[in-house]
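Report on one structure; see the data block that follows.
The values are calculated or read from the model by the stated rules, or taken from the named source; none is laboratory data. Worth saying up front: this structure is predicted, and the values here are computed from it rather than measured. Glycine gets a Cβ as well: all are built from the backbone with ideal geometry, and neighbour counts include every protein chain shown. Only protein heavy atoms, including side chains, enter the accessible area calculation; ligands, DNA and RNA are left aside. Shrake-Rupley method; radii C 1.70, N 1.55, O 1.52, S 1.80 Å.
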Amino acid sequence: QVQLVESGGGLVQAGGSLRLSCAASGRTFSSGAVGWFRQAPGKERECVAAVLWGTYYANSVKGRFTISRDNAKNTVYLQMASLKPEDTAVYYCAADPIRATTGWTNPGYYAYWGQGTQVTVSS
């Protein structure tokens with residue numbers, strides 16, 4: 001059974017930093033797609049960063065967030081800096097072994113999801 005477990009969320013002041021971790025068990029995703037998504041109340045789930053054929057960042061987080069993966073630990077990270085109140089959301093990691101050339105920034109692409117971790121940025 002595949003499990004993705006996120007950690008690292010919390011409350012931080014605007015301008016601060018957090019690092020989210022996503023540890024996978026049950027199978028490896030070293031060559032598949034991995035991504036971080038977020039969902040704020042009343043909003044759709046959006047991709048903030050993903051890695052497969054290159055690295056994708058949403059415009060709203062470019063230059064502030066960095067996605068990385070440690071294949072030896074089967075773990076994906078999201079380093080978040082210069083956080084803003086509008087970054088407040090539940091953050092989810094996602095993974096899928098399929099290596100399609102398109103669609104890998106869309107939530108529907110991913111078969112495996114973590115439970116989510118709350119990130120709250122105070123002003």
(Q) Which numbered condition in (1) among the charged types (D, E, K, R); (2) touching a strand residue (DSSP E or B) at 6+ places or on another chain (Cβ under 7 Å); (3) open to solvent by 20 Å² or more (accessible area, probe 1.4 Å); (4) within 25 Å of Val2 (Cβ to Cβ) is the only one that Lys84 fails? (A) (4)
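Conditions (1) under 19 Å from Gly10 (Cα atoms); (2) touching a residue at least 12 places away in the same chain (Cβ under 8 Å); (3) in a strand (DSSP E or B), marked per residue:
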| site | (1), (2), (3) |
| --- | --- |
| Ser21 | yes, yes, yes |
| Cys47 | no, yes, yes |
| Val51 | no, yes, yes |
| Tyr56 | no, yes, yes |
| Lys62 | no, no, no |
| Thr66 | yes, yes, yes |
Q | Restricting segment 46-64 to residues that are open to solvent by 20 Å² or more (accessible area, probe 1.4 Å) and among the small types (Gly, Ala, Ser), the residue that is nearest to Tyr110 (Cα to Cα) | A | Gly54
Q: Test Thr120 against the stated conditions and say whether it is loosely packed, with under 12 Cβ neighbours inside 10 Å, of a type in the set (S, T, N, Q), over 12 Å from the mean Cα position of the chain (by Cα) and not in a helix (DSSP H, G or I).
A: no
Q: With respect to Glu46, determine if the residue is under 30 Å from Ser123 (Cα atoms), acidic (Asp, Glu) and more than 12 Å from the chain's Cα centre (by Cα).
A: no
Q.
Looking only at segment 30-45, count every residue that is open to solvent by 10 Å² or more (accessible area, probe 1.4 Å) and assigned to a strand (DSSP E or B) and tell me the total.
A. 2
